[in-house]
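One structure is given below, encoded as structure tokens.
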Amino acid sequence: MIVSARGTAPGKIILFGEHAVVHGIPAIAVPLSAVQVTVDAKPASPGAGLTIHAPDVGETVRATVNAYDNPLYDALLYPAQIVLRALERPTPDVTLTVRSTIPIASGLGSGAALATAIMRALSAALRCDVPPERLNSLVYEVEKRHHGTPSGIDNTVIVYEEPVYFVRDEPLETFCIGQPFMLLVVDSGVPSPTKVTVGDVGRLLAQDRFMVEALFKGVGDIVKQARSAIEAGTVEVLGTLMQANHAILQQLTVSSPLLDRLCAAAEEAGAAGAKLSGGGRGGNIIALVTPEQAAAVAEALTAAGAARVIQTTVQAPSGDEW
Ligand code: PMV
């Protein structure tokens, strides 16, 4: 029997270590609950099969064999197919309605969040329990289909909804946030597929292994220092570490003039540091601010061309509001 159910999932931000994480270097990521995917499942009439409505993008898709040829339809249907296969269930008569406030291809984990929320809604509608570890590996299957060689950081931070110190192919490691800190998450408005930048960094590594491995090692050192600072609550040093990580990402060719301009605008307006976050060349930058600086820095970023600025506080999952 199918019951009405809801599945949700947050976005995510990578604080330090993107790209190098694909090649075995640690990275730090936190969930971003200011943006969310919500999926409502409702029983449909017998024989109706699986239908997914995505009103935000004006699409409705039915689960048919040909539907997978369309990339958007595939993004909606493939997570459902994966979870049904894992639960050994035939296609149920159910309608899913998907709503998302996470911009697509912008480094905030929209694909992993969509897959997580669809799987949560569908498994709850079927009254099946999918524990986080299993859900994480099912969402990773979807990530592989869309990203080629994902590190697994997006699915991990989104499924567990906790700050993670992530090392590819190693067990989940969470860590403490000694003192909350504030970030602006700044959308450049330019979509950029992660698959392309990850492929370019891989090519750069093949061309000049010595140079790129040295850059990755630099990222690893930054990530370890950042973790210690976050745990100790000495968050003021994070700004300098963000600048250093951004400089390496520039050398890895994944920044862009717009992202560099946004980082500079944030720092000129008082942010302690800024860097691109996620795949790069477009998508988002993050900037470290105090609550007093936030409004002025956000204004400067909008003047410099930012499409959207979200203010968020990074804190322990059950931490006090700042
Ligand atoms: O999906 P995005 O754009 O947030 O980027 C993910 C981070 C990368 O390190 C660039 C890729 C990966 O699989 O870890």
Looking at segment 46-55, is at least one residue open to solvent by 60 Å² or more (accessible area, probe 1.4 Å), on the phi < 0 side of the Ramachandran plot and in contact with an Asp or Glu (Cβ under 7 Å, 6 or more places away or on another chain)? yes
Only residues in segment 98-112 that are more than 20 Å from residue 61 (Cα to Cα) and modelled with pLDDT under 95 count as the first member; pair them with residues that are more than 8 Å from the ligand (Cβ to nearest atom) and in a loop (DSSP other than H, G, I, E, B), Cβ under 6 angstrom, at least 6 apart or cross-chain, and list the lot. 105/191; 105/193; 108/102
Taking the condition loosely packed, with under 15 Cβ neighbours inside 10 Å, part of a helix (DSSP H, G or I) and touching a Gly at 6+ places or on another chain (Cβ under 9 Å), does residue 296 pass? yes
The residue from 100, 33, 106 that alone is buried (at least 24 other Cβ atoms within 10 Å of the Cβ), of a type in the set (S, T, N, Q) and closer than 30 Å to residue 258 by Cα is 106
Could you grab the pairs with beta carbons closer than 9 Å, sequence gap of 6+ or different chains, first residue in segment 140-151 and assigned to a helix (DSSP H, G or I), second one open to solvent by 50 Å² or more (accessible area, probe 1.4 Å) and among the basic types (Lys, Arg)? 146/195; 147/195
Which of the residues spanning segment 95-131 are of a type in the set (Ser, Thr, Tyr) and either within 14 Å of the ligand (Cβ to nearest atom) or in contact with a Cys (Cβ under 9 Å, 6 or more places away or on another chain) (or both)? 106, 110, 116
For segment 157-202, which positions are within 11 Å of the ligand (Cβ to nearest atom), open to solvent by 10 Å² or more (accessible area, probe 1.4 Å) and either part of a helix (DSSP H, G or I) or touching a helix residue (DSSP H, G or I) at 6+ places or on another chain (Cβ under 9 Å) (or both)? 166, 168, 193, 194, 195, 196, 198, 199, 200, 202
Mind telling me which of the residues 209, 145 ends up being away from the ligand (no atom under 14 Å from the Cβ) and either among the basic types (Lys, Arg) or open to solvent by 60 Å² or more (accessible area, probe 1.4 Å) (or both)? 209
Hey, among 77, 87, which residue is touching a Cys at 6+ places or on another chain (Cβ under 8 Å) and among the aliphatic types (A, V, I, L, M)? 87
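The values are calculated or read from the model by the stated rules, or taken from the named source; none is laboratory data. Please read these numbers as outputs of a predicted model, since none were measured by experiment. Counting neighbours? That spans all protein chains shown, and the Cβs are built from the backbone with ideal geometry, glycine included. The area values use the complete protein model at the heavy-atom level, side chains included, leaving out ligands, DNA and RNA. Shrake-Rupley method; radii C 1.70, N 1.55, O 1.52, S 1.80 Å.
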